[in-house]
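What follows is a short report on a single structure.
The values are calculated or read from the model by the stated rules, or taken from the named source; none is laboratory data. This one's a predicted model, so the numbers in the text were calculated from it and none came from an experiment. All Cβ positions, even for glycine, are placed from backbone atoms using ideal geometry, and neighbour counts span all protein chains on display.
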Amino acid sequence: MRVISGIARGKNLKAPPGNETRPITDMIKEALFNVLGPDIQGADFLDLFAGSGSVGIEALSRGADRVVFIDNSGPAVQVIQANLDHCHFTEKYEVFKNDVFKAVDRLKKDSSWFDYIYIDPPFTQENIFPEILGKMDETQLLKDQGTLIIRTPRKMKMPAALKNMQRVRHNHYGESTLHYYQSIIKGGN
């Protein structure tokens, strides 16, 4: 696992110990950032269930203005910090050890909004996928024109639309699918 592009290109990244974290492959990460393109520069990026921090670190490497990493595992948070240090990032990020649902509530309370939100829950907890997507729809942490990306097992069905977001794209990569959601622009009189 490595940083693919940007100022930290080629840096190897560590994964948290054990089998609970399932790091994104370089192929899927590269495909994700090919979709996001140069718009990542100057963006605010939220990495939920961050694991190794690989996706958020890629965003920093490619010029994101701010990345917030959240994971509830102490060892994962230690690995994220070690990976950030290894890539020589000293600013533009925050790392929190917290339950994702509580952290999302806190971000909402603090009026934190993001251009991109990447969510990669444990595949072993299938009930968490609709729960976290619903929570994100409810809290509306996306900026206008922002994009939420959730990685799911390929066989999992995700809704095409929610109250405040709609799926605009999905791509399959082996046993994984990336679903892209954007805010629904509501017209008024």
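Miscellaneous remarks
- When every residue of the stretch 135-142 is checked against the conditions, at least one turns out to be part of a loop (DSSP other than H, G, I, E, B) and modelled with pLDDT under 95.
- Every condition in (1) out of contact with any Ser or Thr (no Cβ under 7 Å at 6 or more places or on another chain); (2) crowded, with 22+ Cβ neighbours inside 10 Å; (3) within 17 Å of K14 (Cβ to Cβ); (4) not β-branched (V, I, T) is met by H86 except one, and the failing one is (2).
- Test: residue in the stretch 87-99 that is touching an Asp or Glu at 6+ places or on another chain (Cβ under 9 Å), at pLDDT 95 or above and closer than 20 Å to L148 by Cβ: yes
- When L162, L133, L142, L148 are checked against the criterion of being free of Cβ contacts under 8 Å to residues at least 60 places away in the same chain, crowded, with 19+ Cβ neighbours inside 10 Å, over 24 Å from D65 (Cβ atoms) and of a type outside the set (S, T, Y), L133 stands alone in meeting it.
- If only residues of the stretch 29-64 that are buried (at least 19 other Cβ atoms within 10 Å of the Cβ) and β-branched (V, I, T) are counted, the one that is nearest to S111 (Cα to Cα) is I40.
- Just one of the numbered conditions (1) modelled with pLDDT under 95; (2) closer than 14 Å to D120 by Cβ is not true of P38: (2).
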